[in-house]
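Nothing in this text is a laboratory measurement; each read-out follows from the coordinates by a stated rule. Computed from a prediction, not measured in an experiment: that's the story for all the values here. Ideal geometry is used to build each Cβ from the backbone, glycine not excepted, and the neighbour counts take in all protein chains shown.
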Amino acid sequence: MYVKSLTLKGFKSFASATHMRLEPGITCIVGPNGSGKSNVVDALAWVMGEQGAKSLRGGKMEDVIFAGTTGRAALGRAEVTMTIDNSDGALPIDYTEVTISRTMFRNGGSEYAINGTSCRLLDIQELLSDSGIGREMHVIVGQGQLDAVLRATPEERRGFIEEAAGVLKHRKRKEKAIRKLEGMEANLSRVADLTTEIRRQLGPLGRQAETARKAAVIQADARDARHRLLADDLVRMTSALQQEVADEQAMLERRKVLEQAVLAARTRITEHEEAGASAAAELAAAQQRAVRLASLTDKLTATASLAAERVRLLGQDEEVETTSGRDPEALREQAARARADEEELRADIARVGEELAAAVAAREAAERAHAAEQQRIAALAQRAADRREGLARLAGQVGARRSRIEAREAEVGRLEEVVATALARADEADREFTRLEGTIADEEGSEEGLDEVYERAAEAHDAAEAEVERIVEAGRVADRDRQSAQARLEALELSLRRKDGVEALREAAEDEHEILGSVAELVTVTGGHEAAVAAALDQAGNALALGSIDAAARAVERLRTDDAGRATLVVGATARPSDRTAWPSLPAGAVWALDVVTAPESVRPAVEQVLERVALVADTPAALALLDEVGDLTAVTEEGDVYGPGFVRGGSSAAPSLLELQAAVDETREVLLDATRRSEESTFALTSARATLAERVEARDAAMEALHESDARMAAVAEQLGGLGTTTRTARAEAERTRAKIADVTTALDADRTELAELEQRLEDASSEPTDDDGDDATDDRERLELEASSARTAETEVRLSLRTKEERARSLHGRAESLEGAARNEIAARERLRARRERRRREAEVAATVETAATWSAERTAAAATVAAQQRDAGEAARAERDEALRGLRTELTEQQDALRELTDEVHRDEVARAQQIAKIEQLQTKAIEELGMDPDVLMEEYGPHQLVPHVAGPDEDPEAEDFPEPQPYVRELQEKRLRTAERGLKSLGKVNPLALEEFAALEERHTFLTTQLEDLRQSKKDLLDIVAEIDERVEQVFSEAFADTAEQFEGVFSRLFPGGEGRLVLTDPGNMLTTGIEVEARPPGKKVKRLSLLSGGERSLVAVALLVSIFKARPSPFYIMDEVEAALDDTNLGRLIMLFEELRDSSQLIVITHQKKTMEVADALYGVSMRSDGITTVVSQRLRDVAPADEQAQPA
């Protein structure tokens, strides 16, 4: 069996469908980092059912789907298909090729298939587990997993071997069986409790059934009485209601007459109100007309007065209106003079402008001459500055070279000191390294002693922990027993409570000192004869013991008065003591009942009297034999059958008697006390055991801490050794680098000295060159030309100022002329406006006179109309007063009629309310008949009304089929009420009645039979599951023992090959318990004494992990293994040793190896090259090496 092919579609970086045909033997997958090689390993783990996203190097499971790149969009699903060659039948399926596929969608959905058929993940895991490929994927050794193997706990290392040996499926079966057992234990306990409870309930329920039969008869009598009483109530209330309805009709007729009278009065009032409303409208119109005419007269009179005043004002002589301005002609003459002055100034402005142009030309010429002289002087100054700058630059270069030479000389000295310091530091590190090497041997010697201390502390801790668990379990059992006993005690005490005359006496007793208690409570039976003694005592066993005959008489009278039922009473003081001297001797196996009964002296005589000459025997034959032999006595068997002279009492077992229940209560109390005692003892012991455990934990932790401190010290020493070696190498390398730097600085120093000599010569030559001396003459010419330019600028400014002054005066004259001309025009317009205003005043005076005449005439006419309107208004107000008086009389009459109608209506309403209440009562009775009696009210009155005769109903103790029943009697309500009270009292005397007792008794008996069968089935199933668990444990122990032995043997051989001269072995942490023991790895490389893995180097740790895994692979081979860069940390020598192991594994398993090592590639049967394109998508190429080798051989020359 091997992996034949692998197809990836959309899985991680495999965006395109990629098909890889794999070969038996070793297949190496190579490629640069980040190209997607490990994605092939993830795909194999994923398709075989891996569920951890972190195991697949992702944050969530959807990360396995191709996420897209800049050149290709993300995909919606990932699919991986693995085809396995099953020619050898390693997989339990009838196919030579098995294809397993898994598909993941972006929404989180996942599908699995085997050979194209949909299946569950569990189906794939179970299919692969049968071939040695477990759920933990031990066949896949990924990056970093080697160190995880070394860091694993002993129990986790055991898991590696168990998975390879196929033990995990047995453990799953065991866990499943244990879970079933836990669930079954609860069911078993519950069914047992239910069976016991039901068995206890069967007896009381039988008595309840008999009580229910009696109650049914009494209830029938009470029901008949209720029917007749309710029918009588309905008949009487219906008759009364009919009479009230007749009275109501007469009152309604009277109310109808009053309502018509009220309606007529309201009609008359409405007619008067309508007439009054019409007249009121006319009166209001007249009032408004009078008011408006009076107001209009006043307004016209005022208007006439205003018009007269207006005419007077406009008719007065007007004052002569004149303008306050100057003569327009004078203004025009002044404007003409201003225009002439402006023309003269314009001519002067033109002349001054010509002068300004000449001054500007002179100024520009002077400035050009001055600028030319300035440029000539600046050129001379620049040449002098350039010479000075050249000299300064040469001097600076000379100084810089001298400073550089001094700095390089100082640098050489400093570097020589650095060389000396580095060499001294290297020598010191060498000496410290030699000293620390001597301390490692001492630390290794103390390490072994710490290991022994920790192992002893761990064993003591485990023993203390086991003791705590044992005490906890004992306390749990005691608590469970206590709870069970408490529940049983409560149930038994509840059964002792009775609702009969005895209980009524105990609850209502006045002379409590006269009540001694229940006989069942006072009597104690020994030897397990409770049932027999209870049968012998019969009713006396359930009786109440009293101190005197008077108390018994009062108790009977109370029961009769309270109608509380009957009771059996025992009076110990009146009973005569039993004389046992005349009793015969009993044969073997028989015992007198008094010999097993203990009772206080207050009731002892009564008990002796009841049990006089009563013998207890084993069974019926013994009782018959005893009667034949002795004769005058009573024999009682253990089952409760009583045999006496002339009578026998017995049969099937009845409900437990009070005596038996009391004995059970006493026994349960003892069990409860014992369980409580055991629980308290467990609590105290647990406190002590936990204190001991805490001490052991502290001791174990202290030992572990010491061991860790030792490991830390040794690790610190190893780290110091590594640091010292690094320090030595670093110091010597620094000395070499510094020597090389000194040589470079010396070479640069010689070059600087040569360059300094050249610069000094150039500075000397430049300093000896001649300089220019004509600067003073150039300065005089420049000052003269500057003075001429300044004079030209001043002349230009004066001419320009004169020009600006004359232009300002011209603008002022021009503005004055414009102002004078505007003033002349304004004066002419003002004179025209004055003439128009005088004409308008004349026309307004004429209009005001006309208005005065019209207003006077209108005022006279409106005054006459106002007088007429006032007369009409007064007449309307008088008519309104007469109408109001008549309307008040009509309203008084209406009020009287409404009061009468209201009183009659209230009376009708009161009758209606009373009638509604009576109807509600009738409806309540009808509802009661329907809901409580289940009969239609009409049918009830017809069949049970007072007109019907009352038949005789048979009592609880009468024969319902007897023929001598009394004749039916006429209905008498008092007799029926008495009959109902008697029935209710009879039901009360029966106590609480279960109407379904008969059906419940049959159902309970059937359920008891069913539960008994189920209980037996559960017990058998529990036994079968325990057998399965034991069988699985035996199988697991056998398989693991064999697998461990084979793996340990292989580990020693593999370790010796990877570490020639070294020693390695696997050790069980608890050899006495092969089901839970862990596995420790001891490894001692050649030349070292340490066995702890933490002290090994990184390469040695990797080799130890490889040795463990290869040992498991060789001891329990799987069809294929996948290894992801497991040899990355190995050197060439160790890599060669590992490759030899790979070649051995190739004979039994297929190896798929992710590698960068050329040696590993050389032993491969096929190579797959993995690369990633620029678009982020992985592609693969393959080559079968066994096809290449023959071609190479043919290409070689013969």
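For the chain, averaging the sequence separation of C-alpha pairs within contact (under 8 Å, six or more residues apart) and dividing by the residue count gives a relative contact order of 27 percent. Placing unit charges on each Cβ (+1 for Lys and Arg, -1 for Asp and Glu) gives the chain a dipole about its Cα centre, and among 879, 20, 1148 the Cα reaching farthest toward its positive end belongs to 879. Dipole size of the chain about its Cα centre, with +1 on Lys/Arg Cβ and -1 on Asp/Glu Cβ: approximately 4220 debye, rounded to the nearest 20. Contact order, relative form, for segment 10-116: 24 percent (alpha carbon pairs under 8 Å, 6 or more residues apart, mean separation divided by residue count).
Structural size metrics of segment 1-62, computed from C-alpha coordinates, are Rg and Dmax of 12.2, 34 Å. For segment 1-106, trypsin sites (Lys or Arg not before Pro) meeting the loop criterion (DSSP other than H, G, I, E, B) and having at most 11 other Cβ atoms within 10 Å: 60. Sorting the segments 842-849, 894-901 by their residues' average number of neighbouring beta-carbon atoms within 10 angstrom, most packed first, yields 894-901, 842-849. Each of 121, 524, 1021 was scored by the projection of its Cα onto the charge dipole of the chain, and the greatest displacement toward the positive side belongs to 121; charges sit on the C-beta of Lys, Arg, Asp and Glu. Pairs from the list 37/1158; 4/60; 9/54 with a Cα-Cα gap above 24 Å: 4/60. Between 590, 1012, 1168, the Cα set farthest toward the positive side of the dipole of the chain (charges on each charged residue's Cβ, about the Cα centre) is that of 1168.
Looking at (1) 1.08; (2) 1.04; (3) 1.29, which value of Rg/Rh (Cα atoms, Kirkwood Rh) comes from a calculation on the structure shown? It is the value labelled (3). Here residue 557 and residue 187 are evaluated by their C-beta separation; at R0 = 56 Å the FRET efficiency comes out at 0.55. Once the Kirkwood radius over Cα pairs is known for segment 837-881, the Stokes-Einstein relation at 20 °C and 1.002 mPa s delivers a diffusion coefficient of 157 µm²/s.
Each peptide in 1028-1034, 63-69 gets a packing score, the mean of other Cβ atoms within 10 Å over its residues, and the list from highest to lowest is 63-69, 1028-1034.
Before rounding to the nearest 500, sum -39500 (n - 2.57) across all DSSP H runs of length at least 4 in the chain and divide by the residue total; then give [θ] at 222 nm in deg cm²/dmol.
Mean residue ellipticity, 222 nm, calculated: -25000 deg cm²/dmol.
With the simple model of a label 7 Å out from the Cα in the direction of the Cβ, residue 982 to residue 943 spans 2.4 nm.
The distance linking segment 397-420 with segment 790-820 is 79 Å (Cα centroid to Cα centroid, whole angstrom). About its Cα centre, the dipole of segment 54-182 is roughly 620 debye, where the only charges are +1 on Lys and Arg Cβ and -1 on Asp and Glu Cβ.
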